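Here's the structure, in structure tokens; my notes come after.
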Amino acid sequence: MPMRIIHTSDWHLGRTLEGRNRIQEQMKFVDELCEIVKEEAVDLVLIAGDIFDTVNPPAIAEELFYDALNRLSDGGKRGIIAIAGNHDNPERLCAASPLAIRHGITLYGLPKQILTPSLTVQSNQARVIRAAAGLGWVELHIPSCPDPAIVAMLPYPSESRLNEVLSASLDEEILRDEYSKRVQQLFNSFGQHFREDAVNLGVSHLFVRGGMKSESERPIELGGAPTVEADAMPSGAQYVALGHLHRAQAVKSATVPTRYSGSPLAYSFSEAGYAKSVMLVEAYPGQMVTTREIFLSAGFPLVKWHAKEGLTEVQRWIDEGKDLNAWIDLEVNVTKALYPQEIHALRQQRERLVNIRPVFPETEQIVAEARSTMSIPELFRKFYQDRTGGAEPEEELVSLFLSLIDPSKSSGSYEGDDGRDLLEQEFSDSEFAKLTAGVEGSETA
């Protein structure tokens with residue numbers, strides 16, 4: 001019989017949606033995952049990092065994680081491997097390891113952590129046994145499987161967690177190349193323990209070059225993490241389970257079967273319409289694996305509304321019960337600013353109405369003109385006059401805007417983010433975003 005494996009990642013327990021609590025949705029996901037592993041008779045669960053959303057997660061998030069491990073392990077009959085992602089605290093994740101190992105659970109936090117075989121009596125066939133282990137690898141014997149699993153594990157490998165300086169150069173291309181080579185060296189070193197009589201797997205938390213990102217993947221270190229080439233995956237692995245990217249996808253250019261499972265919930269409106277899932281993998285030693293995507297239903301969907309007919313259209317959608325169980329990002333066409341009581345009335349009727357952004361038709365017209373005949377300074381002056389009732393902008397403000405679009409044209413005292421912040425104080429976020437989008441897409445100057 002094949003070994004049946006569930007690949008999941010990027011739970012981000014404790015994460016909110018622009019301040020809205022989502023712990024109940026995360027609890028429902030855990031319930032759904034536990035049902036899946038039971039119904040599919042899963043032997044091994046791989047959790048590929050970013051279990052928590054922060055290095056200091058709320059107590060309820062930690063409680064949910066440990067409850068999930070307890071239920072998934074089924075008293076130590078099912079194997080579990082969970083590694084640290086860039087949002088996890090490696091030491092904190094592994095703090096419960098002495099208890100976890102007794103239930104067939106391997107918690108692995110740092111890329112160079114050395115594991116030891118479990119102290120459980122080897123003749124105990126009712127529980128998962130860590131038969132052998134070392135730097136970056138583990139061999140598990142699972143009661144429900146005739147064949148062992150050997151897993152090469154590489155938690156999020158930043159320079160600080162590797163405790164290495166990979167290159168003295170500051171050149172981005174050289175840094176990326178050295179980083180990718182080091183990841184490949186580590187993975188292949190761990191993969192030297194693969195055997196023909198075992199199911200050989202890899203698990204890591206990486207950004208493989210060419211992967212499709214979404215806005216919900218937030219880097220938490222200066223400059224973000226370098227990308228890794230697809231050929232850095234461990235040779236000899238029958239399947240590599242990755243975390244970090246929130247969209248489920250295959251790494252098609254990899255030399256071994258490699259996939260991202262994606263996050264179980266949509267964590268930003270850039271993921272509106274994404275299907276969320278976990279991957280079921282079936283593997284025999286020495287053979288190609290088969291995979292099946294199992295779609296999830298636990299989280300509320302994220303949808304975008306654009307009410308071109310104004311508040312009357314929004315009210316009609318609410319009365320009709322449109323997207324009743326969804327988180328909503330609303331853009332509404334208006335001719336004047338929305339009053340606080342109007343916004344409050346909408347939120348009272350639909351509690352999961354997250355964002356309400358007014359859109360002024362004049363702004364859209366300005367963007368259209370910018371793409372046709374208007375120069376950038378003319379565009380900005382017209383935009384300013386429309387927003388201020390006809391007042392002329394000072395030349396310093398025009399210069400500031402030009403410096404934001406093209407720093408070489410700056411003649412003022414503000415640059416970069418300082419200039420952007422100052423301009424955003426003058427106009428609403430949606431107006432400013434549409435204006436800059438129109439200008440940056442314009443070829444007239």
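The values are calculated or read from the model by the stated rules, or taken from the named source; none is laboratory data. The structure presented is a predicted model; accordingly, all values stated were derived computationally and were not measured. Don't worry about glycine lacking a Cβ; one is built from the backbone with ideal geometry, like all the others, and counts go over all protein chains shown. Ligands, DNA and RNA are excluded from the accessible area calculation, which covers all protein heavy atoms including side chains. Shrake-Rupley method; radii C 1.70, N 1.55, O 1.52, S 1.80 Å.
The antiparallel fraction among DSSP beta bridges confined to the range 1-110 stands at about 5%. Prolate is the label for the range 1-86, because a/c, from the alpha-carbon gyration tensor with a ≥ b ≥ c as root eigenvalues, is 1.5 or above and a/b exceeds b/c. Computed packing ranks the peptides 330-338, 279-287 as 279-287, 330-338, most packed first, by mean other Cβ atoms within 10 Å. Summary of packing: across the peptides 37-49, 344-356, the per-residue average of other C-beta atoms within 10 Å ranks them, highest first, as 37-49, 344-356. Taking amide H positions as modeled 1.01 Å from N, with prolines and chain starts lacking one, the residues under 5 Å from Gly49 and 5 or more places away or on another chain are Asp10, Ile83.
Backbone amide hydrogens, once placed in the peptide plane, bring Arg357 within less than 5 Å of Leu330, Glu331, Val332, excluding anything fewer than 5 places away on its chain.
If you take all other residues with their beta carbon under 9 Å from the beta carbon of Ser297, and give Lys and Arg +1 and Asp and Glu -1, the sum is +1.
Other residues whose C-beta falls under 10 angstrom from the C-beta of Leu280 contribute a net charge of -1, scoring Lys and Arg +1 and Asp and Glu -1.
Longer than 22 Å from Cα to Cα, which of Lys112/Lys276; Lys181/Lys252; Lys252/Lys304; Lys77/Lys112; Lys276/Lys308 are they? Say none if no pair is. As for pairs spanning more than 22 Å Cα to Cα, those are Lys112/Lys276; Lys252/Lys304; Lys77/Lys112; Lys276/Lys308. Tell me whether the range 237-369 comes out rounded, prolate or oblate; compute the Cα gyration tensor, take square roots of the eigenvalues as a ≥ b ≥ c, and use a/c under 1.5 as the rounded threshold. It comes out prolate by the Cα gyration axes.
3J(HN,Hα) along the range 77-84: 7, 10, x, 9, 10, 10, 10, 7 Hz, from the Karplus curve 6.51 cos²θ - 1.76 cosθ + 1.60 with θ = phi - 60°, whole Hz, x for Gly and Pro. In order along the range 393-400, the phi-based Karplus estimate (6.51 cos²θ - 1.76 cosθ + 1.60, θ = phi - 60°) of 3J(HN,Hα) comes to x, 5, 4, 5, 5, 4, 4, 4 Hz; Gly and Pro are listed as x.
Calculate the tail of P(r) for the range 1-144: the fraction of all Cα-Cα distances greater than 22 Å, expressed in %. Taking all Cα-Cα pairs of the range 1-144, the fraction more than 22 Å apart is 37 percent. Specify whether the C-alpha gyration tensor of the range 300-341 places it in the rounded, prolate or oblate class, a ≥ b ≥ c being the square roots of the eigenvalues: rounded for a/c under 1.5, otherwise prolate if a/b is larger than b/c and oblate if not. Because a/c hits 1.5 or more and a/b exceeds b/c, the range 300-341 counts as prolate. Per residue, the solvent-accessible area of the range 50-120 (1.4 Å probe, heavy atoms of protein chains only, all protein chains present) comes to 41 Å². What net charge do the residues around Glu35 carry, taking every other residue with its C-beta under 14 Å from that of Glu35, with Lys and Arg at +1 and Asp and Glu at -1? Summing Lys and Arg as +1 and Asp and Glu as -1 gives -1.
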